[in-house]
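The values are calculated or read from the model by the stated rules, or taken from the named source; none is laboratory data. Quick caveat, the model's predicted, so the values are computed rather than measured. So basically every Cβ, Gly included, is an ideal-geometry build from the backbone, and we count neighbours across all protein chains shown. Areas reflect the complete protein model, heavy atoms only, side chains present, ligands, DNA and RNA absent. Shrake-Rupley method; radii C 1.70, N 1.55, O 1.52, S 1.80 Å.
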Amino acid sequence: MPDELAVRTESIRKIYQSGDQSVAAVDGISFEVHKGEFSAIAGPSGSGKTTLLNLIGALDEVDEGRIWVDGTEITALGRGERADLRKHKIGFIFQSYNLIEVLSALENAEFILLLQGVDPAERQRRVRAIFERIGLDGLEDRRPHQLSGGQQQRVAIARAIATQPALILADEPTANLDSATGAALLDVMEELNRDLGTTFIFSTHDPRVMERATRLIRLVDGRIVEDH
Amino acid sequence: MDSVLLRIGWRNLWRNPRRTAITALAIAVGMIMLAFVLSLMAGMKRDLINQGTQLMLGQVQIHKRDYRPDRSIFDTVPLDGRALADQLLDRDDIFGAAPRVSAFGLVSSGDKSLGAEIVGMDRDAESQVTTLGRKLEAGDLPGRGERTIAVGRSLANTLGVSPGSELILLTQAADGSLGNDLYTVSGIFRTGLEMVDGGMVVLDLGVAQELLALEAGRIHEIALRSTSPARAMEVAAAIEQSLGVEDISVAPWQELAPQLAGWVAMSDSWMWIMYLIVFVLAAISVLNTMLMAVFERLREFGVMAAVGMQPRTIITMVLAEVISLALVSLLVATILGAPLVHWITNSGIDLSATTDGISMSGTVVDPVIRGAWAPAEFAVAAGLLVVCAALAGLYPATRAARTDPARLTRGEIR
Ligand SMILES: Nc1ncnc2c1ncn2[C@@H]1O[C@H](COP(=O)(O)OP(=O)(O)OP(=O)(O)O)[C@@H](O)[C@H]1O
Ligand SMILES: [Mg+2]
């Protein structure tokens, strides 16, 4: 796999069993994402966006096919190794409930650095710099419930980029935000992508969000129907 | 990393302060109940054994092997009994050794007669072993060489005697003759046990031996007091071994008074049942709290795992929380429970208003039930409760740790 690839999948399938029915949530998807891309995955509800992101992010296991992230074949890893890979190479932003309720904004943002064993001074330095950059300074000591939805998502972004991962996966990061806040969040993501070269893959329903992506992958029934 | 886990665990504990407070209180009440019951049981057991052994029994007795249960006057200990008693006092684990002779006979005053057990004892040696000498209502036990007799309160009433009165004893002596003599009443004892107060008279050991035609060295039993009743069995075994005389048996109180031993064993089993009940209640309470605490936080665990936390760390985090909970409970239990245990060990529960003198299988029971400190037992109980709490937390935690992060982020568990 060439160095400039952040993600490569090869005919991956994920089948869910519900009752006697089996649903192929991801049904033979092969694609590549280059480093530095700012890609959107779009598709109607139930088309497999979340499932695909979870598979790429090593949160879930494929039933068929292979996945590489930053040159590592994650489909060949065990549970513990997958956790380590997530810790070092992948950042995650979910639609909601991203933060640890009992930790402050700052503690949340440095959580992965902490898992990595980075020393406290360095953690603080990095996270404070990011907070300043994405408009969170002054909110360091707030608990998640004392932050707005947009602020919470920014803390999640701060946590994701603090370790400078190869890839950030975001599952409908703006879905719970009003459009102005959502647009501002995308500004932040775009800026990080442009300035730091961080690769983003995010899913969305929202046409206004899709417009901002440099690449748009459309899913229907677990297959790619459009990619440009 | 570990410190942040502790921080998360501790803060999570106060996420739902009411639930935490209720659980901590439930565990604390459990611990207090345990401490209370442990103390009460230990105290009752101590009193039961003390009262059962102190009056006459002693903690260990030495006999000729065939002496019990027939108690024939011919079956004397096949060694010089007085010398043996003196020699046993040299042992570190023996505080008192009282040689005795005993026979059944007729006690008469005027035209009234009664059957009674005649016991010959050395007053000084006896005072180191039993408390009969402290149960005198009037007068004293016969002193060494005195041709006097002490009798129980009800026997004195029946015969109509008081200190200074004269009594005639009639018994079979070891030489085949009829022992028969006149004694002045020296004292009257009241133990609360009808068997003793109405059926026993006490002579000086030497005087009794004379009556029974036994030489000075021939005695029927030696009652011993060792360091603690709990050690009676090992002490008895050690003495029997060191004597090495096949025909001598050395028996602990458990063997001499099986009914008393039965009561003690029963109080032990009650203690274990209480233990179990309290444990199960505390464990259910923690399990319930931890199930709720883990299940309402699945998404959060999912996010933590998604960003790279090892799944097994969930277990560490939950355990940190459970142990914090247990320690808070322990603190509450100590603060609330200490005065209670203090009260039960010092003042005790006075039952004398409801009963007057309870006698239970040959034992006079003190109407005030007092506890005893049982710090070791309590430490074990508290420690086990903490372990129990940890186990209760382990169940939901391992389930969460085994679940795929993807599933956790949906709020589901395997
Ligand atoms: N845990 C599951 N068990 C059974 N079926 C599932 C499960 N998760 C997803 N599915 C099914 O897989 C398909 C894809 O679901 P997925 O959540 O990936 O879609 P999505 O594009 O993210 O939808 P949405 O836009 O609503 O978030 C759907 O048909 C869904 O019902
Ligand atoms: Mg989805």
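The table for this structure:
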quantity: Solvent-accessible ranking of A:Thr181, A:Thr174, largest area first, probe 1.4 Å; calculated: A:Thr181, A:Thr174
quantity: Rh by Kirkwood over Cα pairs, then Stokes-Einstein D for chain B at 1.306 mPa s and 10 °C, µm²/s; calculated: 62
quantity: The stretch A:182-228, relative contact order [Cα under 8 Å, separation at least 6], %; calculated: 22
quantity: Antiparallel DSSP beta bridges within the stretch A:91-212, as percent of all bridges there, nearest 5; calculated: 0
quantity: Among B:205-214, B:132-141, the order from most to least packed when residues are scored by Cβ within 10 Å on average; calculated: B:205-214, B:132-141
quantity: Size descriptor, Kirkwood hydrodynamic radius, that averages inverse alpha-carbon separations across the stretch B:1-85, Å; calculated: 19.0
quantity: Rounded percent of accessible protein surface that carbon and sulfur make up, the stretch B:10-71, 1.4 Å probe; calculated: 62
quantity: Order of exposure, largest accessible area first, which applies to B:Lys64, B:Lys112 with probe 1.4 Å; calculated: B:Lys112, B:Lys64
quantity: Charged-residue dipole, Cβ positions (Lys, Arg, Asp, Glu), the stretch B:72-219 about Cα centre, Debye nearest 20; calculated: 380
quantity: Relative contact order, percent, the stretch B:72-219 [alpha-carbon distance under 8 Å, six or more residues apart]; calculated: 31
quantity: DSSP beta bridges in the stretch B:72-219 [antiparallel fraction, %, rounded to 5]; calculated: 70
quantity: Value at 222 nm in deg cm²/dmol, rounded to 500, when DSSP H runs of n ≥ 4 in chain A each add -39,500 (n - 2.57); calculated: -10000 deg cm²/dmol
quantity: Spherically averaged projected area of the protein assembly as shown from its Cα convex hull (nm²); calculated: 41.9
quantity: Backbone N under 13 Å from the A:Glu32 label point (7 Å along Cα→Cβ), restricted to the stretch A:63-83; calculated: A:68, A:70-71
quantity: FRET E, pair B:Ser162, B:Ala216, Förster distance 22 Å, beta-carbon r, rounded to 0.05; calculated: 0.10
quantity: Radius 12 Å from Cβ of B:Arg299, net charge of other residues (Lys, Arg +1; Asp, Glu -1); calculated: -1
quantity: Projected area averaged over orientations for chain A, convex hull of C-alpha atoms, nm²; calculated: 12.6
quantity: Principal-axis tilt of helix A:149-161 within chain A, Cα atoms, nearest 10 degrees; calculated: 80
quantity: Beta bridges per DSSP with both ends in the protein assembly as shown, % antiparallel, nearest 5; calculated: 70
quantity: Only Lys, Arg (+1) and Asp, Glu (-1) charged, at Cβ; the protein assembly as shown dipole about Cα centre in debye; calculated: 1980
quantity: Inter-chain Cβ neighbour average for residues B:403-410, partner chain, 10 Å; calculated: 5
quantity: Environment charge at B:Trp343 (Cβ cut-off 13 Å; Lys +1, Arg +1, Asp -1, Glu -1); calculated: 0
quantity: Which of A:Phe92, A:Val188, A:Gln151, positive extreme of dipole for the stretch A:75-188 (C-beta unit charges); calculated: A:Phe92
quantity: Cut-off under 5 Å, modelled amide H: who pairs with A:Ala6 long-range; calculated: A:Val33, A:His34, A:Lys35
quantity: Charge context of A:Arg212, other residues only, Cβ under 15 angstrom, K/R +1, D/E -1; calculated: -4
quantity: Spatial extent of the stretch B:272-354: Rg and Dmax, with the Cα atoms as the point set, Å; calculated: 19.9, 69
quantity: Per-residue HN-Hα couplings for the stretch B:181-194 [Karplus 6.51, -1.76, 1.60; θ = phi - 60°; Hz; x = Gly/Pro]; calculated: 7, 10, 9, 8, 6, 9, x, 10, 9, 9, 9, x, 9, 4
quantity: CD proxy at 222 nm, helix term only [per DSSP H run n ≥ 4: -39500 (n - 2.57); per residue of chain B; nearest 500]; calculated: -17000 deg cm²/dmol
quantity: Inter-chain shielding of A:96-107 (mean C-beta neighbours from other protein chains, 10 Å cut-off); calculated: 4
quantity: Peptide A:72-85, shielding by other chains (average Cβ, 10 Å cutoff); calculated: 2
quantity: Overall form of the stretch B:72-219 per C-alpha gyration tensor (a/c, 1.5; a/b vs b/c); calculated: oblate
quantity: Solvent-accessible area buried by pairing B with A, both sides, nearest 100 square angstrom, 1.4 angstrom probe; calculated: 2400
quantity: Helical segments meeting 20 Å axial Cα length and Kyte-Doolittle 0.0 threshold in chain B (DSSP H); calculated: B:17-54, B:258-295, B:311-346, B:375-402
quantity: Sequence-separation-based contact order of chain B, relative, with Cα cut under 8 Å and 6+ spacing, percent; calculated: 26
